[in-house]
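Nothing in this text is a laboratory measurement; each read-out follows from the coordinates by a stated rule. Remember, predicted model here, so these are calculated numbers, not experimental data. Cβ: placed from backbone, ideal geometry, glycine included. Neighbour counts: every protein chain shown.
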Amino acid sequence: MKYIILVCVKKYSLDSCIPFIQNISHKNTIVVPILNVYGTGAYLQEKLSELLVTDGCIYYNKSVLLLMGSGRIRVIIM
């Protein structure tokens, strides 16, 4: 069975998460960093060489998408 760890922290907190990830992971764990910083996957792969680390990236927008119960979609631009 494979397990996935989503790393959702600020870049300045990334190094402090590495011991925790090492403690809770095993050889079938996939680590996916979800940060708005490019290159985090490669950085973590060096630190967590025994695990599979992929690249992940997220972009935040000021729009909010709401799925209404009636099947309608409402987009709110802030």
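The residues in region 38-47 that are within 16 Å of residue 20 (Cα to Cα) and in contact with a strand residue (DSSP E or B) (Cβ under 6 Å, 6 or more places away or on another chain) can be counted, and the count is 2. If you take the residues in region 1-39 that are surrounded by 10 or more Cβ atoms within 10 Å (Cβ to Cβ) and small (Gly, Ala, Ser), which one is farthest from residue 53 (Cα to Cα)? The selected residue is 13.
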